[in-house]
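Q: Sharing a structure with you now.
The values are calculated or read from the model by the stated rules, or taken from the named source; none is laboratory data. Nothing here was measured: the structure is a model prediction, and the numbers come from that model. Heads up, the Cβs are rebuilt from the backbone with ideal geometry, glycines too, and the neighbour counts pull from every protein chain shown. Side chains included, ligands, DNA and RNA excluded: accessible areas come from the protein's heavy atoms. Shrake-Rupley method; radii C 1.70, N 1.55, O 1.52, S 1.80 Å.
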Amino acid sequence: TPIEVPRATTSQRCIRTNDVENVGRTSRHHTFFEMLGNFSFGDYFKREAIRWAWELTTKEFALPSKNLWISVFEDDEEAFSIWHDELGVPVERIKKMGEDDNFWTSGATGPCGPCSEIYYDFHPERGSSNVDLGDDSRFIEFYNLVFMQYNMMDDGSLETLKQMHIDTGLGLERMARILQKVWMVKHSSSALVSNLNKLQSEF
């Protein structure tokens, strides 16, 4: 009998597939990576997921809030309000983005929903005007919060799910780079260096 749980946390070893063409083009895309996640199956939802992600980032990992930027789906006023009104993230550091960037789908049909991402800013001294979160020389996205609240129908319309779910992912290697202050060197975090040294010694 399957065990039913309302919440779960995971550490998943992943192989990049759907955007493998980005490997080698950016400093953040690896063919193999480890994803840390927490999930809610009809239990907690958007407010808790956002608040806990912020707590983990700013208190447990102790990242300074002045270095953090947020992206939200352009129509998700609820997420925007939680980030700004409840957690105090300045409006100028919350970017509303379109469907291509901040709406997660599992395929042509099925569960889907808006998402919100946390970015680390390597160079806050550059200010907040004309900011592009895709600028690899300045930002790295390390945390993605997916708010699975719709079902995509065959005709492309969205049906609200009876039970809403949470699916989050935090990149282990990306967080290691931030904490070890090796922002732009692709293979400089200690976890990657030790593995590369081991491989080199065997060939």
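Q: Within region 33-48, restricting attention to residues that are open to solvent by 20 Å² or more (accessible area, probe 1.4 Å) and among the aromatic types (Phe, Trp, Tyr), which residue is nearest to Pro90 (Cα to Cα)?
A: Applying the first criterion (open to solvent by 20 Å² or more (accessible area, probe 1.4 Å)) to region 33-48 yields 33-36, 38-39, 41-43, 45, 47-48.
Next cut, among the aromatic types (Phe, Trp, Tyr) only: 33, 39, 41, 45.
Values: Phe33: 31, Phe39: 27, Phe41: 31, Phe45: 23 Å.
Here the residue is Phe45.
Q: Also, quick follow-up: From the residues in region 143-172 that are open to solvent by less than 30 Å² (accessible area, probe 1.4 Å) and closer than 22 Å to Leu133 by Cα, which one is nearest to the chain's Cα centre (by Cα)?
A: Among residues in region 143-172 that are open to solvent by less than 30 Å² (accessible area, probe 1.4 Å) and closer than 22 Å to Leu133 by Cα, the one nearest to the chain's Cα centre (by Cα) is Tyr143.
Q: Can you pull out every residue in region 102-127 that is over 23 Å from Lys66 (Cβ atoms) and outside any loop (DSSP other than H, G, I, E, B)? Can you show your working first?
A: The initial filter retains those residues of region 102-127 that are over 23 Å from Lys66 (Cβ atoms), namely 103-115.
Matches in region 102-127: Phe103, Trp104, Thr105, Gly110, Pro111, Cys112, Gly113, Pro114, Cys115.
Q: Could you please let me know if Glu92 is outside any loop (DSSP other than H, G, I, E, B), loosely packed, with under 12 Cβ neighbours inside 10 Å and at pLDDT 90 or above?
A: The answer is yes for Glu92.
Results for (1) of a type outside the set (Lys, Arg); (2) in a helix (DSSP H, G or I); (3) in contact with a Leu (Cβ under 9 Å, 6 or more places away or on another chain); (4) within 21 Å of Gln12 (Cα to Cα), shown as yes or no for each residue.
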{"position": "Met35", "(1), (2), (3), (4)": "yes, no, yes, yes"}
{"position": "Tyr44", "(1), (2), (3), (4)": "yes, no, no, no"}
{"position": "Ala49", "(1), (2), (3), (4)": "yes, yes, yes, yes"}
{"position": "Trp52", "(1), (2), (3), (4)": "yes, yes, no, yes"}
{"position": "Leu63", "(1), (2), (3), (4)": "yes, no, yes, no"}
{"position": "Ser71", "(1), (2), (3), (4)": "yes, no, yes, no"}
{"position": "Asp75", "(1), (2), (3), (4)": "yes, no, no, no"}
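Each row is one residue, and each column tells you yes or no for (1) open to solvent by less than 10 Å² (accessible area, probe 1.4 Å); (2) under 16 Å from Ile118 (Cβ atoms); (3) touching a residue at least 12 places away in the same chain (Cβ under 8 Å).
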| site | (1), (2), (3) |
| --- | --- |
| Ile50 | yes, yes, yes |
| Glu60 | no, yes, no |
| Lys66 | no, yes, yes |
| Asp75 | no, no, yes |
